[in-house]
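Accompanying notes for the structure given below.
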Amino acid sequence: MKITFKLLAFLFVTSAIAVSCGSSSEGEQTQLGEAQEVAEETGMAYAVNTAESIINWKGEKFNSDFHTGTINVKDGSLSVKDGNITAGSFTIDMTSIEVTDELPEDKKGYLIAHLEGTTGQDKDGDFFNTNKFPIATFDITGVEGNKISGNLTMLDSTHNVTFTATTTMKDGKLTASTEDFTFDRTLWGIKFMSTITGFVKEKALKNDITIGINLVASEGEATADDAMESELSE
């Protein structure tokens, strides 16, 4: 079962074209590691409500200029036992990138096309190359208290990330949300205008991307345990 995550967005984006100014805010630095085995599904299956779920992103320069936006969750499911998430996965629609800061519509459209790699000007490799990699995925590998770990796959790279999430349950609806957190985009091969490519710090985009995730999921008709037993009995 898969649970998709922006961030990581996520994802997740930094941007450079048409800069808008504002103050910088630092998020929690996520733990990063090698890909891990996906967690076993136990408990009730909850389907992610894509209309109510969203991933927020922020990319900025070292001079504190930044852009903000959103990315949609395409689908996903969570395993929940005793009110706690035990496993799951979700998919991120990388073709749904939006910019939410104040920009003229033509510059906003160009920035989105640049992030998606659809400008038609050899920019497909700068960020997310959505023609080739239209989705990103997040698969939960472990949950310990309010810490969730999972394999984040973007482009053709996978790394394990750990972040803090708050989970609430009300009227059969589960909400899992994070504080803003950051991770190093260059580990997924997103190196455009990064310091590791030789850009001077005053002009470079930060290697870290900031994202925040809000997932809403509703109780399904069958438990993850029931589904597994059904498959074994067939």
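The values are calculated or read from the model by the stated rules, or taken from the named source; none is laboratory data. What you see is a predicted model, and the numbers here were worked out from it, not measured in a lab. Here the Cβ positions follow ideal geometry from the backbone for every residue, glycine too, while neighbour counts run over all protein chains shown.
Looking at segment 103-134, which of the residues that are more than 19 Å from Thr197 (Cβ to Cβ) and among the basic types (Lys, Arg) is surrounded by the most Cβ atoms within 10 Å (Cβ to Cβ)?
Result: Lys108.
Is there a residue in segment 20-38 that is modelled with pLDDT of 95 or more, over 21 Å from Phe181 (Cα atoms), in contact with an Asp or Glu (Cβ under 8 Å, 6 or more places away or on another chain) and surrounded by 16 or more Cβ atoms within 10 Å (Cβ to Cβ)?
Yes, segment 20-38 contains at least one residue that is modelled with pLDDT of 95 or more, over 21 Å from Phe181 (Cα atoms), in contact with an Asp or Glu (Cβ under 8 Å, 6 or more places away or on another chain) and surrounded by 16 or more Cβ atoms within 10 Å (Cβ to Cβ).
Criterion first (surrounded by 22 or more Cβ atoms within 10 Å (Cβ to Cβ) and under 22 Å from Thr164 (Cα atoms)) does Ile97 satisfy it?
Values: surrounded by 22 or more Cβ atoms within 10 Å (Cβ to Cβ): yes; under 22 Å from Thr164 (Cα atoms): no.
No: the conditions fail for Ile97.
Only one of these conditions is not met by Ile211: (1) at pLDDT below 90; (2) part of a strand (DSSP E or B). Which number is it?
In the conditions (1) at pLDDT below 90; (2) part of a strand (DSSP E or B), Ile211 misses (1) alone.
Every residue, every condition in (1) of a type outside the set (A, V, I, L, M); (2) closer than 17 Å to Ile211 by Cβ; (3) modelled with pLDDT of 95 or more, yes or no:
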{"position": "Ser77", "(1), (2), (3)": "yes, no, yes"}
{"position": "Ala87", "(1), (2), (3)": "no, no, yes"}
{"position": "Gly117", "(1), (2), (3)": "yes, no, no"}
{"position": "Asp126", "(1), (2), (3)": "yes, no, no"}
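Condition (residue is buried (at least 17 other Cβ atoms within 10 Å of the Cβ), assigned to a strand (DSSP E or B) and of a type in the set (Phe, Trp, Tyr)) applied to segment 163-172: is it met by at least one residue?
Within segment 163-172, one or more residues are buried (at least 17 other Cβ atoms within 10 Å of the Cβ), assigned to a strand (DSSP E or B) and of a type in the set (Phe, Trp, Tyr).
Of the numbered conditions (1) assigned to a strand (DSSP E or B); (2) over 18 Å from the mean Cα position of the chain (by Cα); (3) charged (D, E, K, R), Asp139 satisfies every one except a single condition; which is it?
(2)
Any residue in segment 145-161 that is closer than 24 Å to Leu32 by Cα, more than 18 Å from the chain's Cα centre (by Cα) and of a type in the set (Val, Ile, Thr)?
no
Just to be sure I understand the filter: pairs with C-beta atoms under 6 Å, separated by 6 or more residues or on different chains, first member in segment 172-185 and closer than 21 Å to Gly43 by Cβ, second member of a type in the set (S, T, N, Q) and assigned to a strand (DSSP E or B). Which pairs pass?
Correct list of pairs: Lys173/Ser218; Thr175/Thr168; Ala176/Thr167; Ser177/Thr166; Ser177/Asn214.
What is the number of the single condition among (1) modelled with pLDDT of 90 or more; (2) surrounded by 16 or more Cβ atoms within 10 Å (Cβ to Cβ); (3) in contact with a Leu (Cβ under 8 Å, 6 or more places away or on another chain); (4) not polar (S, T, N, Q) that Phe183 does not meet?
Exception for Phe183: condition (1).
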